[in-house]
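Asks: I'd like to ask some things about the structure below.
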Amino acid sequence: MSSLFASYLRVYEPLTAFDRERQLFWRRYAREGRAVATGDGPGRQRTAVLSALGAGWTRLPDLPDEAYVLEDDDTILVCPWNLRLRVAEAALSARDGVPSVLADAFVPPILAGQAKAVVDDARTGARVLEEGVPRVHEQASTWGVPLRWFVFVDQSERELVTGPGNRRSLRFRTEISKARRRAHRGVSVLRKSVGDAPITEAVEEGARWLEEFHPRSVVELDYAGLVDLLPDDELEADDSPALVAAGLAGLANGDAEGATEAYEKLVARWRAVQLLERCN
């Protein structure tokens, strides 16, 4: 299972993105106030997945439908959790690096095969579009934020809450149309400047993921549990999206020195966060 010191990239879709049955379900879910706050969600997800894993492996368990919800006037947008996928991912993780006898005892091969099928279906865009496999609305990263995620947001979209008595948080929210334009522009710049490098492929993969969702969706990059690792002054000074934008602008304008400077600042900042995992 992943650490609670994680960041999240989420997509909230309008109800019209779902079939009629799901629309009715999510509307009732929102109106009844059942949605979980993003600050409470990671812990609730972790508990649900661990409980499912400990329930005895006869099949991949069915789990209740939960989601994060955004409401603005009469507009409802939902980010489903897809806990079945999280259980499948946890099952495969439980087998990693474990002797086969122990791995098979905890997650038998037939169930590992089912888990792999669930994960593969969720990550294959073609299956999502052609066969209606449930979309993955949330990605998670432990002990840091993948640099490619900052391509999708702008510094001006930051929402920061700090100070005594407040539940500290840092997130960015943007319209998916803006996130897509930034992603495609980033891919274009990277492909021209560094070619088929890992970062180019990573941003391109993110761009493809964003294309799976309704055009009126909202994208959210949430520092979530990472805020517990950083003091208020560091959160207030965080300009990671601006550094990524400066780096891409430098590459586009042939300013290699400027691009390198922005990249080095960004890497140093997040390496310091990642090193905290060793101290934990």
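Asks: Give me a comma-separated list of calculated 3J(HN,Hα) values for the stretch 216-221, in order, Karplus coefficients 6.51, -1.76, 1.60 applied at θ = phi - 60°, integers in Hz, x for any Gly or Pro.
Replies: Residue by residue, the stretch 216-221 yields 9, 6, 10, 9, 10, 10 Hz.
Asks: How much of Glu204 can a 1.4 Å solvent probe reach, expressed as accessible area in Å² and rounded to 10?
Replies: Result for Glu204: roughly 60 Å² accessible.
Asks: I've got another one for you. So how strong a dipole does the stretch 226-280 carry about its Cα centre when Lys and Arg Cβ are +1 and Asp and Glu Cβ are -1, to the nearest 20 debye?
Replies: Result for the stretch 226-280 is approximately 300 debye, rounded to the nearest 20.
Asks: Please state the equivalent ellipsoid semi-axes for the stretch 133-186: what are the square roots of 5 times the Cα gyration tensor eigenvalues, largest first, in whole Å?
Replies: Ellipsoid half-lengths, sorted descending, are 24, 16, 12 Å.
Asks: Ordering Phe5, Phe172 from largest to smallest accessible area (1.4 angstrom probe), what's the sequence?
Replies: The ranking, largest first, comes out as Phe5, Phe172.
Asks: Another question, then. What order do Thr142, Thr200, Thr47, Thr162 take when sorted by accessible area (1.4 Å probe), most exposed first? Please report the intermediate quantities before stating the final value.
Replies: On the way: Thr142 65, Thr200 0, Thr47 85, Thr162 30 Å².
Heavy-atom accessible area, descending, gives Thr47, Thr142, Thr162, Thr200.
Asks: Then there's this: To one decimal place, what orientation-averaged projected area in nm² is obtained for the convex hull of the Cα set of the stretch 128-280?
Replies: Quarter of the Cα hull surface area: 10.7 nm².
Asks: Keeping all protein chains in place and using 1.4 angstrom, which order do Leu226, Leu63, Leu102 fall into by accessible surface area, from largest down?
Replies: On the way: Leu226 0, Leu63 45, Leu102 110 Å².
Order by accessible area, largest first: Leu102, Leu63, Leu226.
Asks: Between [x] 32, 21, 17; [y] 28, 23, 17; [z] 31, 23, 21, which matches semi-axes √(5λ) of the Cα gyration tensor in Å calculated for the structure shown?
Replies: Here the calculated entry is [z].
Asks: Taking Cα atoms, how many degrees apart are the long axis of helix 41-53 and the longest axis of the chain, rounded to 10 and kept between 0 and 90?
Replies: Long axis of 41-53 versus the principal axis of the chain: about 40 degrees.
Asks: Tell me, what ³J(HN,Hα) does each residue in the stretch 71-76 have, in order and in whole Hz, if you take phi through Karplus 6.51 cos²θ - 1.76 cosθ + 1.60 with θ = phi - 60° and put x for Gly and Pro?
Replies: Here the 3J(HN,Hα) series is 10, 9, 6, 9, 8, 10 Hz.
Asks: I would also like to ask the following. Need one value: the accessible area of Val244 in square angstrom, 1.4 angstrom probe, rounded to the nearest 10.
Replies: Looks like 20 Å² after rounding.
Asks: Quick one: which residues, 5+ away or cross-chain, put their amide H under 5 Å from the amide H of Gly144? H built at 1.01 Å from N.
Replies: Ser7
Asks: Still on this structure: Work out, step by step, the length gained on full extension between Arg191 and Asp74: first 0.36 nm times the residue separation, then minus their alpha carbon distance; give nm to one decimal. Could the numbers behind the result be given before it?
Replies: Values: separation 117, 0.36 × 117 = 42.12 nm, distance 4.14 nm.
Answer, rounded to one decimal: 38.0 nm.
Asks: Projected onto the charge dipole of the chain (+1 at Lys/Arg Cβ, -1 at Asp/Glu Cβ, origin at the Cα centre), which of Leu230, Ala37, Pro99 gives the Cα projection farthest towards the positive end?
Replies: Pro99
Asks: I would also like to ask the following. Tell me, what is the 1.4 Å probe accessible area of Glu201, in Å² to the nearest 10?
Replies: Answer for Glu201: close to 100 Å² accessible.
Asks: Follow-up. In degrees from 0 to 90, rounded to the nearest 10, what is the angle of the helix 20-31 Cα long axis to the longest principal axis of the chain?
Replies: Roughly 80 degrees between the two axes.
Asks: Could I ask something else about it? Kindly report the accessible area of the chain per residue (heavy atoms of protein chains, probe 1.4 Å, no ligands, DNA or RNA), in Å².
Replies: Ligands and nucleic acids excluded, the result is 52 Å² per residue.
Asks: Helix-derived [θ] at 222 nm for the chain: sum -39500 (n - 2.57) over DSSP H runs of at least 4, divide by residue count, nearest 500?
Replies: For the chain, the value works out to -16000 deg cm²/dmol.
Asks: What residues qualify as long-range amide H neighbours of Asn82, i.e. H under 5 Å apart, gap of 5 or more or another chain, H built at 1.01 Å from N?
Replies: Amide H to amide H, under 5 Å and 5 or more residues apart or across chains, Asn82 pairs with Glu66.
Asks: Name the aspartates and glutamates eligible as straight-distance cross-link partners of Lys192: C-alpha to C-alpha under 14 Å, and not fewer than 8 places from it in the same chain.
Replies: Lys192 reaches Glu201, Glu204, Asp255.
Asks: Let me ask you something else. For the stretch 149-161, what does the Karplus curve 6.51 cos²θ - 1.76 cosθ + 1.60, with θ = phi - 60°, yield as ³J(HN,Hα) per residue in whole Hz, taken in order and with x for Gly and Pro?
Replies: My calculation for the stretch 149-161 gives 5, 5, 5, 7, 10, 10, 4, 5, 8, 6, 10, 10, 10 Hz in order.
Asks: For the Cα atoms of the chain, what angle does the longest principal axis make with the long axis of helix 176-193, in degrees from 0 to 90, nearest 10?
Replies: Tilt of helix 176-193: around 60 degrees.
The values are calculated or read from the model by the stated rules, or taken from the named source; none is laboratory data. Keep in mind it's a predicted model, so treat the numbers as computed, not measured. Here the Cβ is made from the backbone with ideal geometry for all residues, glycine too, and neighbour counts use every protein chain on show. For accessibility, only protein heavy atoms count, side chains too; no ligands or nucleic acids. Shrake-Rupley method; radii C 1.70, N 1.55, O 1.52, S 1.80 Å.
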